[in-house]
1. In the range 58-85, how many residues are acidic (Asp, Glu) and within 11 Å of Ile36 (Cα to Cα)?
2. Which is surrounded by 15 or more Cβ atoms within 10 Å (Cβ to Cβ), part of a helix (DSSP H, G or I) and basic (Lys, Arg), of Lys82, Lys78, Lys67, Lys40?
3. Just the residues that are surrounded by 11 or more Cβ atoms within 10 Å (Cβ to Cβ) and part of a helix (DSSP H, G or I), please, taken from the range 46-64.
4. In the set Asp13, Asp74, Asp60, Asp22, which member is over 14 Å from the mean Cα position of the chain (by Cα) and modelled with pLDDT of 90 or more?
5. I'm trying to understand the selection: among the residues of the range 25-57, which are modelled with pLDDT under 90 and of a type in the set (Val, Ile, Thr)?
6. For the range 39-89, which residues satisfy the criterion of being among the polar types (S, T, N, Q), closer than 19 Å to Tyr29 by Cα and without any contact (Cβ under 8 Å) to a residue 24 or more places away in the chain?
Amino acid sequence: MHKIVAVIKLEKDFIKEMKIMDIGKVDSYKELMNHIENIKKVLEKDYHNMQFVEDRDLVDYYTYKIKAEEAQYDYLIKEAKKVETGLYL
């Protein structure tokens with residue numbers, strides 16, 4: 001839960017600092033953060049589900065699904081860091 005609080009605080013601080021930035025970019029940043037949160041929830045669910053599967057095909061399915069979601073999560077985090085450091089301004 002501490003990570004979620006930190007993300008919310010980071011988002012609020014970011015928006016305060018970005019008064020010059022147009023509202024469309026702030027909305028895009030919010031969408032990016034929402035997408036990151038959604039991917040985290042899906043990953044948590046898939047990690048949990050994978051613990052209980054016994055069928056080899058399902059193990060393979062969750063392995064590939066989790067790997068793809070982790071790659072997407074890493075990409076979104078990199079994009080958020082670019083926005084936070086001002087590279088997209």
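The values are calculated or read from the model by the stated rules, or taken from the named source; none is laboratory data. Values in this document were obtained by computation on a predicted structure and should not be read as measured data. Reconstructed Cβ throughout: ideal geometry from the backbone, glycine too, with neighbour counts over all protein chains shown.
1. So the first thing to find is which residues in the range 58-85 are acidic (Asp, Glu), and the list is 60, 69-70, 74, 79, 84.
Among the residues that remain, those that are also within 11 Å of Ile36 (Cα to Cα) are: 69-70, 74, 79.
Residues flagged as acidic (Asp, Glu) and within 11 Å of Ile36 (Cα to Cα) within the range 58-85 amount to 4.
2. Details: Lys82 fails: surrounded by 15 or more Cβ atoms within 10 Å (Cβ to Cβ); Lys78 fails: surrounded by 15 or more Cβ atoms within 10 Å (Cβ to Cβ); Lys67 fails: surrounded by 15 or more Cβ atoms within 10 Å (Cβ to Cβ).
Checking each option against the conditions leaves just Lys40.
3. Step one: filter the range 46-64 for residues surrounded by 11 or more Cβ atoms within 10 Å (Cβ to Cβ), giving 46-47, 49-50, 53, 58-63.
Within the range 46-64, Asp46, Tyr47, Asn49, Met50, Leu58, Val59, Asp60, Tyr61, Tyr62, Thr63 qualify.
4. Values: Asp13 fails: modelled with pLDDT of 90 or more; Asp74 fails: over 14 Å from the mean Cα position of the chain (by Cα); Asp22 fails: modelled with pLDDT of 90 or more.
When all the criteria are applied, what remains is Asp60.
5. Result: Val26, single match.
6. In the first step, residues of the range 39-89 are kept if they are among the polar types (S, T, N, Q); the result is 49, 51, 63, 72, 85.
Applying the additional criterion that residues be closer than 19 Å to Tyr29 by Cα yields 72, 85.
Selection gives Thr85 alone.
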